[in-house]
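The values are calculated or read from the model by the stated rules, or taken from the named source; none is laboratory data. In this text, all values refer to a predicted model and were calculated from it rather than measured experimentally. FYI the Cβ positions are ideal-geometry reconstructions off the backbone, even for glycines, and counts take in every protein chain you see. For the accessible areas, the whole protein counts, side chains as well, though only heavy atoms, and no ligand, DNA or RNA atoms are used. Shrake-Rupley method; radii C 1.70, N 1.55, O 1.52, S 1.80 Å.
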Amino acid sequence: MASMEKRLQKELLALTKDPPVGVKVNTDAITKNLAEWTVDLEGAPGTVFEGENFQLQFKFGSRYPFDSPQVMFIGPNIPLHPHVYSNGHICLSILTDDWSPALSVQSVCLSVVSMLSSCKEKKRPPDNALYVKTCSKNPKKTRWWYHDDSV
Amino acid sequence: MSTDNSSKPAEASAGAASSNPGPSENGEDEKAAVYECNICLDTAHDAVVSMCGHLFCWPCLHQWLETRPQRQLCPVCKAGIGKDKVIPIYGRGNPNPQDPREKLPPRPSGQRPEPENTGGFPAFGFGDGGFQFSFGIGAFPFGIFTSSFNMSDNRPGPPQAGSPQHTEEQFLSRIFLWVAILFLFWLLIA
């Protein structure tokens with residue numbers, strides 16, 4: 001537990017001191033033990049999400065960084081993207097199978113922004129209705145099938 | 001870029017590593033960051049470096065390797081990695097360097113306390129008293145002698161003399177001794 005908080009403390013400091021473009025940690029929404037964060041994302045200029053704002057929620061377990069955080073979109077604006085379900089769940093391999101402890105909140109945010117940026121057509125995943133009806137609340141419990149690297 | 005360096009890791013290691021101190025505080029900050037573990041983001045202790053050149057604390061890397069034992073990849077570049085594919089690093093400050101891989105990281109290990117003998121029926125405690133009963137094929141008379149007269153060893157010691165368990169076991173072993181003698185006698189006359 002202590003190592004998780006120590007690392008999150010360092011990440012928070014680095015992210016507030018020197019944030020990447022379009023990524024802003026909402027420091028007011030962070031819980032006392034750093035286990036829950038909210039990050040504000042901006043759609044990158046020149047992409048279909050230009051000018052839009054999104055909220056990304058991070059939940060860290062006590063085994064972080066050896067275990068991946070639980071990451072999903074929250075709030076009123078869930079991006080219309082073929083890998084983002086309408087309940088905010090994201091189909092992104094680094095959030096489960098391809099997680100590595102060398103990844104961080106910053107690298108996850110950049111991956112999500114990059115995933116949004118490579119989108120050409122705003123649409124939901126084809127199985128959105130079924131998935132949203134049947135899935136668990138925790139996106140990490142979903143057995144994701146990563147098949148499409150193009151978007 | 002701010003010059004706030006409150007988060008700077010241990011000065012000692014940064015000083016040992018740099019022969020010519022950086023011109024600005026920022027430069028020193030970055031220099032120290034070069035020696036940060038890629039997992040805990042702290043200055044690496046018990047440091048090891050992978051074949052692909054990535055630095056870790058051995059306890060951190062060990063925990064990651066334990067997390068996915070069947071898929072051991074470098075956290076930074078996903079190259080193959082393992083206990084025998086990392087090199088320990090010994091700085092000058094350490095007078096008697098010890099391979100960090102030899103001392104496993106401090107972590108709680110599984111415990112298996114021996115079940116306590118509550119002694120429900122001490123009279124039937126065959127295995128753990130001074131008496132042992134065994135069936136088997138062996139050199140016929142000697143097998144009986146060794147098992148009846150407790151000539152084999154490797155058994156827990158008898159209970160303390162004077163305890164009720166001791167007297168009961170003495171009594172039992174005497175009974176079985178007589179049973180064995182009667183059995184031998186019957187064998188002789190039959």
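Computed values, structure above
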{"item": "Other protein chain Cβ atoms within 10 Å, averaged over every residue that makes up A:6-12", "result": "3"}
{"item": "Burial ranking of peptide ranges B:80-92, A:58-70, B:175-187, A:110-122 (average Cβ count within 10 Å, highest at the top)", "result": "A:58-70, A:110-122, B:80-92, B:175-187"}
{"item": "Inter-label distance for B:Leu187 and A:Ser62, nm, one decimal - labels placed 7 Å from Cα along Cα-to-Cβ", "result": "6.2"}
{"item": "Full-extension gain in nm, A:Glu52 to A:Thr16, via 0.36 nm per residue minus C-alpha separation", "result": "10.8 nm"}
{"item": "Region A:6-151 shape via C-alpha gyration tensor axes, a/c threshold 1.5", "result": "oblate"}
{"item": "Whole-Hz couplings from phi, Karplus 6.51/-1.76/1.60, listed for region B:181-190; x for Gly and Pro", "result": "5, 4, 5, 4, 4, 5, 4, 5, 7, 6"}
{"item": "Whole-number percent relative contact order across region A:2-139, with pairs defined as alpha carbons under 8 Å at least 6 apart", "result": "21"}
{"item": "Peptide A:92-102, shielding by other chains (average Cβ, 10 Å cutoff)", "result": "4"}
{"item": "B:His54 accessible area, 1.4 Å probe, all protein chains in place, Å² to nearest 10", "result": "40"}
{"item": "Principal axes of region B:50-94: Cα extent on each, largest first, Å", "result": "36, 18, 17"}
{"item": "Which listed pairs, of A:Lys6/A:Lys141; A:Lys122/B:Lys78; A:Lys10/A:Lys137; A:Lys59/A:Lys140; A:Lys141/B:Lys85, have C-alpha distances above 22 Å, in listed order", "result": "A:Lys6/A:Lys141; A:Lys122/B:Lys78; A:Lys10/A:Lys137; A:Lys141/B:Lys85"}
{"item": "Cα-based helix-to-principal-axis angle, A:105-117 vs chain A, degrees rounded to 10", "result": "20"}
{"item": "Virtual spin-label span in nm between A:Thr134 and B:Glu114, 7 Å along Cα→Cβ", "result": "5.4"}
{"item": "Estimated distance in nm for a label pair at B:Trp178 and A:Glu36, the labels positioned 7 Å out from Cα along Cα-to-Cβ", "result": "7.8"}
